[in-house]
Structures are given as structure tokens and as C-alpha cells.
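Novice: This is the structure I want to talk about, given as C-alpha cells.
The values are calculated or read from the model by the stated rules, or taken from the named source; none is laboratory data. As the structure is a prediction and not an experimental result, all values here were calculated from the model. Positions of Cβ are generated from backbone atoms using ideal geometry, with glycine treated the same way; all protein chains shown enter the neighbour counts. We work out accessible area using only protein heavy atoms, side chains counted, and drop any ligands, DNA or RNA first. Shrake-Rupley method; radii C 1.70, N 1.55, O 1.52, S 1.80 Å.
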Amino acid sequence: MQWRTGSELRKLFLDFWISKGSKLYPSFSLVPDDPTLLFTIAGMVPFKMYYLGIKQPDHPTAVTSQKCVRTNDIDNVGRTARHHTFFEMLGNFAWGDYFKKEAITWAWEFLTEWVGLDPNRMYATIYLDDEEAFHVWNKIVGLPAERIYRFGEDENYWFMGNTGPCGPCSEIMYDQGPEFSCGKPTCDVGCSCDRYLEIWNLVFTQYDRQEDGSLKPLPKKNIDTGMGLERLTSLVQNVRSDFETDLFRPLIDHACEIAGVEYGSDARSDLAVRVIADHARSLAFMIADGILPSNEGQGYVLRRLLRRAVRYGRLIGLDKPFLCEFLPIIIRIMGDPYSELMEQQLTIEQVIHLEENKFSHTLEQGTNLLDMEISRLKKQNNETLDGDIAFTLYDTYGFPLELTTEICDESGIL
């Protein structure tokens, strides 16, 4: 397998699907045209109306590398190899055009022939009774039956909501080797550790779920797939986590340089620089798409990410504003194809600079007060912070409740 940069893999994916007749769409905004969502959280979001049948596409197939933001697992960012707030979703889509056979065989072709992954280390999961998908994997691709796993609705079925378009899915997994295993005798495909890594999820949207739970076949069968660029890059570059890829490592290295720490030498500082790298990417892309700090909605998420990054900077000795230093690196890594980063560079710098400076004083006051209170509680063998203290920190000092909770958790205080 040839070593490739994250940028090369993005282009390779887009070129592959263009060669199959797909229309290339540039990444849509992180601000979705959908009142039910705060952010664009997946590649299919901009095409939701096509799956619902509300609009008809001008071309039956599409391919994108979509910028996405998710914050539902924000506490895991930096603690695991794969969680991020900002990430790129590689996706190919079809509405009434190609279906399971093409989606599966072409995905296999891309991964094994274009990328060069070892086919002998690949597995597939399918929905329990999806015999069509099993046939394609087993008889056409040639994947042995023992490397095709059947799972239930929680793992291998996709729903847009309680009603509406839905369908079974097939995940492509890659065995990274026993060194990635959790070590449990039961470790196998489906284990939550990193040995059998999910690469790509192929969703076969073929039913319309009714109010009574019954499934009515859709007039057109659709395809919706998603593969994280960061995850694919980690496989191709043969590193243990997304943070060690060329999409993140320059940011990690810069954080270490300005903090005077060595990556890999201390778990606490490693966590801090990973959080900073992740959040810096999110901040740049969110502001470039017009999101500004506020106390609600998208602006609140932006503010929260910036404040988390600043706090983790303080944990490794970064006492002065530092976040703007990461923007030139982000532009160097991702300015092509995301020209909005360069076009909005001045705005991004100004917003970050103002917000970071404003929060620095708040953080210092609030952290000092909270540290004293935690110290007092520990001397009394008390593990519970009084709610009045948390409220005072928020109401008087503007100290975010989630930061109070996070700092207490790290200190063993409830």
C-alpha cells in the first residue's frame, strides 16, 4: 500500500467516483439548510430533501468530501483515537440509480485497488436478513462467508427518523492487527476497541417506515455512504490514531513546541494538545462559515469549543492567547480545497483574538475560586460540590457550567 497524504486520499476518492459517473459537489456549509440540525453532521444532510422525495436531484449520483461538526461526544475528544468535533466525511450518493451491487463492488474496488488495502484483512457486516448484500459480498466480491457478519437493527439499520426513508446498511471493517486489540478473548468484529476498525458505512435506503412501524418499499432505491477521511488516512499512513496523521500532526507539534512539552511523554499533556488541535480546526471552519460566538445555538457551541481549548492550553502552561497561531497551519493543510479559510482568514483571527482575550480573565478568576473550593472539599473528605458554588461561578464570574463539571470530574468531585 502506497503512503499518501490526507489531501491525496481526498482527491483519490473524489476522482474514483467521478470516474463512475458521479457529479462532484464542493463541500456544503457547516450551517445546514435544515431547522432540525445545528450543524451539518454527515455527508447526506445537504441531500436530505432528495431522500425524502421533496426535491429531485439534477443528477442521479453525487460525490462529496463534506466538512462536518459533531459535539455529542465532546468529552471523548483527545481521549480516544477517533473522536473529533470537526471531521471530513467522504460520501457517494445515488437516487434511483446504482444500488447494492455497485455500491459494494465499487467500494471494494476503491479500497483494494485504488488505495491498496489488504483484502485479506477486510470484513463486512450486514443486516440480519439482507440476503442481497450477502450475495454481493460473498458471490461477486468473493469475501468468505466467515468474514461476513450479521448484526441487528442497532448496528446495521439506518433510520432518518421515527418515520420516513430507512434501510439496512453494510459496514466495511479492517483488521489492524492484534496490537490494536483490547485483549479480551471475545474480541472480534463488532468489538468497541480499535482492532477491527470500521472504515466505510454503506446505507441502502430502500424503505419508507410508516407510523405503525411497517416498512413500505420506496419508489426509488437510494444509496448513502460515509467514510471518515481522518480514519482512512490513519490506516494508509499506518499510525495508531487520527491525531498522528498529517491532517493533525503539524498542529500537535506546534502545540507541543509553544508549550515546551514532548508528545508521547505525558498522558495529561498529550490529551491537552490533541484537544487544542481538534478544537482549533473546528473554530477556523465554523467562523469561516459565518458562525460567531454567542450564548445560544451554533454560536454557543463555538464559544464552548474555544473556551475548552483555552483551558486545556492553561493546563500545559499556555497563559497567553495562542489559538490564532494555529490558523496558518490549518490553512496550509486544508486551504486546498477549502478556500474559505484563506478568504476569511482576517475575520477568523479577529473573532478568535477577541473571544480568547475576553475569556482569559474569566478563566483565571473562576479556576482559582474552583480550585480553592475543591481543595477545601478534599480536606473534609467531601466529594460533592455545592450547587450554589457552581451557580456563583456562572452567574458572577461567567464561568461555564460544563467547565465546572469537567474540572470537578478530573478531581474526583461530583
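Quick grid of which residues meet (1) among the β-branched types (V, I, T); (2) open to solvent by 20 Å² or more (accessible area, probe 1.4 Å); (3) under 30 Å from K320 (Cβ atoms):
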position: P165; (1), (2), (3): no, no, no
position: P168; (1), (2), (3): no, no, no
position: S181; (1), (2), (3): no, yes, no
position: P219; (1), (2), (3): no, yes, no
position: D224; (1), (2), (3): no, no, no
position: V236; (1), (2), (3): yes, no, no
position: P250; (1), (2), (3): no, yes, yes
position: H254; (1), (2), (3): no, yes, yes
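Novice: Quick check on my filter: what residues within region 20-45 are without any contact (Cβ under 8 Å) to a residue 12 or more places away in the chain and either within 20 Å of L283 (Cα to Cα) or touching a strand residue (DSSP E or B) at 6+ places or on another chain (Cβ under 6 Å) (or both)?
Specialist: Listed by number, the list holds a single entry, L37.
Novice: Here is a follow-up. Quick check on this structure: which one of R274, R268 is part of a helix (DSSP H, G or I), open to solvent by 10 Å² or more (accessible area, probe 1.4 Å), under 17 Å from F326 (Cα atoms) and not hydrophobic (A, V, I, L, M, F, W, C)?
Specialist: Every option except R274 fails the conditions.
Novice: Can you say whether Y263 is modelled with pLDDT under 95 and more than 18 Å from the chain's Cα centre (by Cα), as far as the supplied structure shows?
Specialist: no
Novice: Here's a follow-up. Select, from N120, N72, the only residue that is closer than 24 Å to F159 by Cα, among the polar types (S, T, N, Q) and surrounded by fewer than 16 Cβ atoms within 10 Å (Cβ to Cβ).
Specialist: Within the list N120, N72, the selection yields N72.
Novice: Checking the conditions here, which among L215, L229 is of a type in the set (A, V, I, L, M, F, W, C), in contact (Cβ under 8 Å) with a residue 12 or more places away in the chain and crowded, with 20+ Cβ neighbours inside 10 Å?
Specialist: Within the list L215, L229, the selection yields L229.
Novice: When you scan region 74-101, how many residues do you find that are within 25 Å of P57 (Cβ to Cβ) and without any contact (Cβ under 8 Å) to a residue 12 or more places away in the chain?
Specialist: Counting residues in region 74-101 that are within 25 Å of P57 (Cβ to Cβ) and without any contact (Cβ under 8 Å) to a residue 12 or more places away in the chain gives 0.
Novice: Quick one: is I287 of a type in the set (A, V, I, L, M) and over 21 Å from the mean Cα position of the chain (by Cα)?
Specialist: Taking the combined requirement at face value, the residue does not satisfy it.
Novice: Out of the residues in region 318-356 meeting the condition of being among the aliphatic types (A, V, I, L, M) and more than 16 Å from L251 (Cβ to Cβ), tell me which one is least open to solvent (accessible area, probe 1.4 Å).
Specialist: Of everything passing the filter in region 318-356, V351 is least open to solvent (accessible area, probe 1.4 Å).
Novice: Quick check: is even one residue across region 266-289 at pLDDT 95 or above and under 30 Å from W108 (Cβ atoms)?
Specialist: There is no residue in region 266-289 that is at pLDDT 95 or above and under 30 Å from W108 (Cβ atoms).
Novice: Oh, and also: Give the residue, chosen from G366, G317, that is touching a residue at least 12 places away in the same chain (Cβ under 8 Å) and at positive phi.
Specialist: Only one candidate passes the filter, namely G317.
Novice: How do the pairs read when you match residues in region 1-19 that are closer than 26 Å to I331 by Cβ with residues anywhere that are open to solvent by less than 60 Å² (accessible area, probe 1.4 Å) and assigned to a loop (DSSP other than H, G, I, E, B), using Cβ under 8 Å and keeping only pairs 6 or more apart or on different chains?
Specialist: W3/Q237; R4/Q237; T5/D246; G6/T245; G6/D246; G6/L247; L12/R4
Novice: Next question, about the same structure. Which one of the conditions (1) assigned to a helix (DSSP H, G or I); (2) farther than 28 Å from Y207 by Cα; (3) of a type outside the set (S, T, Y); (4) in contact (Cβ under 8 Å) with a residue 24 or more places away in the chain does E113 fail to meet, given that it meets all the rest?
Specialist: For E113, the failing item is (4).
Novice: With (1) open to solvent by 50 Å² or more (accessible area, probe 1.4 Å); (2) assigned to a loop (DSSP other than H, G, I, E, B); (3) at pLDDT below 95; (4) within 27 Å of E132 (Cα to Cα) as the list, and D188 as the residue in question, which single condition is left unmet?
Specialist: The single condition D188 does not satisfy is (3).
Novice: For region 191-205, state whether one or more residues are over 23 Å from S65 (Cβ atoms), open to solvent by 60 Å² or more (accessible area, probe 1.4 Å) and touching a strand residue (DSSP E or B) at 6+ places or on another chain (Cβ under 7 Å).
Specialist: For region 191-205, residues over 23 Å from S65 (Cβ atoms), open to solvent by 60 Å² or more (accessible area, probe 1.4 Å) and touching a strand residue (DSSP E or B) at 6+ places or on another chain (Cβ under 7 Å): absent.
Novice: Return yes or no: is G387 in contact (Cβ under 8 Å) with a residue 24 or more places away in the chain and more than 28 Å from the chain's Cα centre (by Cα)?
Specialist: no
Novice: Take region 325-356 and flag every residue that is in contact with a helix residue (DSSP H, G or I) (Cβ under 6 Å, 6 or more places away or on another chain) and outside any helix (DSSP H, G or I).
Specialist: Of everything in region 325-356, those that are in contact with a helix residue (DSSP H, G or I) (Cβ under 6 Å, 6 or more places away or on another chain) and outside any helix (DSSP H, G or I) turn out to be G335, Q344.
Novice: Tell me which residues, restricted to region 301-320, are assigned to a loop (DSSP other than H, G, I, E, B) and small (G, A, S).
Specialist: G317
Novice: Just name the residue that is least open to solvent (accessible area, probe 1.4 Å) out of those in region 82-97 that are part of a loop (DSSP other than H, G, I, E, B) and touching a helix residue (DSSP H, G or I) at 6+ places or on another chain (Cβ under 8 Å).
Specialist: The selected residue is T85.
Novice: Count, please, the residues in region 13-33 that happen to be assigned to a loop (DSSP other than H, G, I, E, B) and among the basic types (K, R).
Specialist: 1
Novice: Scan region 357-412 for residues that are assigned to a helix (DSSP H, G or I), open to solvent by less than 40 Å² (accessible area, probe 1.4 Å) and of a type in the set (G, A, S) and jot them down.
Specialist: Correct list: S360, G366, A390.
Novice: Do we have any residue at all in region 149-160 that's part of a loop (DSSP other than H, G, I, E, B), closer than 27 Å to W17 by Cβ and within 21 Å of the chain's Cα centre (by Cα)?
Specialist: Checking region 149-160: at least one residue is part of a loop (DSSP other than H, G, I, E, B), closer than 27 Å to W17 by Cβ and within 21 Å of the chain's Cα centre (by Cα).
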